[in-house]
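Here is the structure we will look at.
The values are calculated or read from the model by the stated rules, or taken from the named source; none is laboratory data. Since we're looking at a predicted model, the values are computed, not measured. Neighbour counts run over all protein chains shown; Cβ positions are idealised from the backbone, glycine included.
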Amino acid sequence: MAIIKELNTKFGINASYHRITSFNISYSQKKCVICVATYLSKEARADHKDPIEEIDIEIPFSDFTSFLNVNPIEQGYSWLKHNVIGFEDAIDDFDVIEPFTSAIVEPLPDEQTI
């Protein structure tokens, strides 16, 4: 999932594809941090280009409870669109660009099985 919205980056160029690449929730400190990666376009992301910028956004303490008992990634996109200037009216992109990863993990040739 990602959101599509043309925004100006800190480099002075427009980019339109934004995705959450990591999410950190500290239940003991009641703190959430979302890392958002920005790509030039959806096509750049599909071509496995590096993001042109990544930013960490700390969720205010007052919004912490909105991330409980929900899918935090989906809630993160919703929170971004409602709370971060520039992301309002962003379009949800539900396409899965990630390559399929097998659930079976095979050991490397030099690893021994105990």
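Scan region 71-90 and tell me whether some residue there is modelled with pLDDT of 90 or more, under 14 Å from the mean Cα position of the chain (by Cα) and over 16 Å from Val36 (Cβ atoms).
Yes, the conditions are met somewhere in region 71-90.
For region 10-44, enumerate the residues that are closer than 19 Å to Lys81 by Cβ, in a strand (DSSP E or B) and of a type outside the set (Val, Ile, Thr).
Asn14, Ala15, Ser16, Tyr17, His18, Arg19, Ser22, Phe23, Cys32, Cys35, Ala37, Tyr39
Can you spot a residue in region 8-21 that is aromatic (Phe, Trp, Tyr), in contact with an Asp or Glu (Cβ under 8 Å, 6 or more places away or on another chain), modelled with pLDDT of 95 or more and within 17 Å of Asp95 (Cα to Cα)?
In the first step, residues of region 8-21 are kept if they are aromatic (Phe, Trp, Tyr); the result is 11, 17.
Within this subset, residues satisfying the condition of being in contact with an Asp or Glu (Cβ under 8 Å, 6 or more places away or on another chain) are 11, 17.
Those still in the list that are modelled with pLDDT of 95 or more too: 17.
Going one step further and asking which of them are within 17 Å of Asp95 (Cα to Cα), we end up with 17.
Looking for residues that are aromatic (Phe, Trp, Tyr), in contact with an Asp or Glu (Cβ under 8 Å, 6 or more places away or on another chain), modelled with pLDDT of 95 or more and within 17 Å of Asp95 (Cα to Cα), one finds at least one in region 8-21, hence yes.
Give the number of residues within region 57-70 that are more than 11 Å from the chain's Cα centre (by Cα), under 22 Å from Leu7 (Cβ atoms) and surrounded by 15 or more Cβ atoms within 10 Å (Cβ to Cβ). Steps first, answer last, please.
Quick first cut of region 57-70, residues more than 11 Å from the chain's Cα centre (by Cα) only: 58-70.
Okay, now just the ones that are also under 22 Å from Leu7 (Cβ atoms), so 58-60, 63.
If we keep only those that are surrounded by 15 or more Cβ atoms within 10 Å (Cβ to Cβ) as well, we get 59.
Qualifying residue count, region 57-70: 1.
Could you tell me whether region 45-56 includes any residue that is under 17 Å from Glu6 (Cβ atoms) and part of a helix (DSSP H, G or I)?
yes
Return the total of residues in region 31-56 being in contact with a helix residue (DSSP H, G or I) (Cβ under 8 Å, 6 or more places away or on another chain), within 18 Å of Phe11 (Cβ to Cβ) and among the β-branched types (Val, Ile, Thr).
Count: 1.
Can you confirm whether Tyr27 is at pLDDT 95 or above and of a type outside the set (A, V, I, L, M, F, W, C)? It would help to see each step written out before you state the result.
On the way: at pLDDT 95 or above: no; of a type outside the set (A, V, I, L, M, F, W, C): yes.
So Tyr27 fails the test.
Identify all residues within region 57-67 that are in contact with a helix residue (DSSP H, G or I) (Cβ under 9 Å, 6 or more places away or on another chain) and either without any contact (Cβ under 8 Å) to a residue 12 or more places away in the chain or part of a loop (DSSP other than H, G, I, E, B) (or both); write none if there are none. Before the answer, list the steps.
In the first step, residues of region 57-67 are kept if they are in contact with a helix residue (DSSP H, G or I) (Cβ under 9 Å, 6 or more places away or on another chain); the result is 57, 59-60, 63, 66-67.
Selection gives Pro60 alone.
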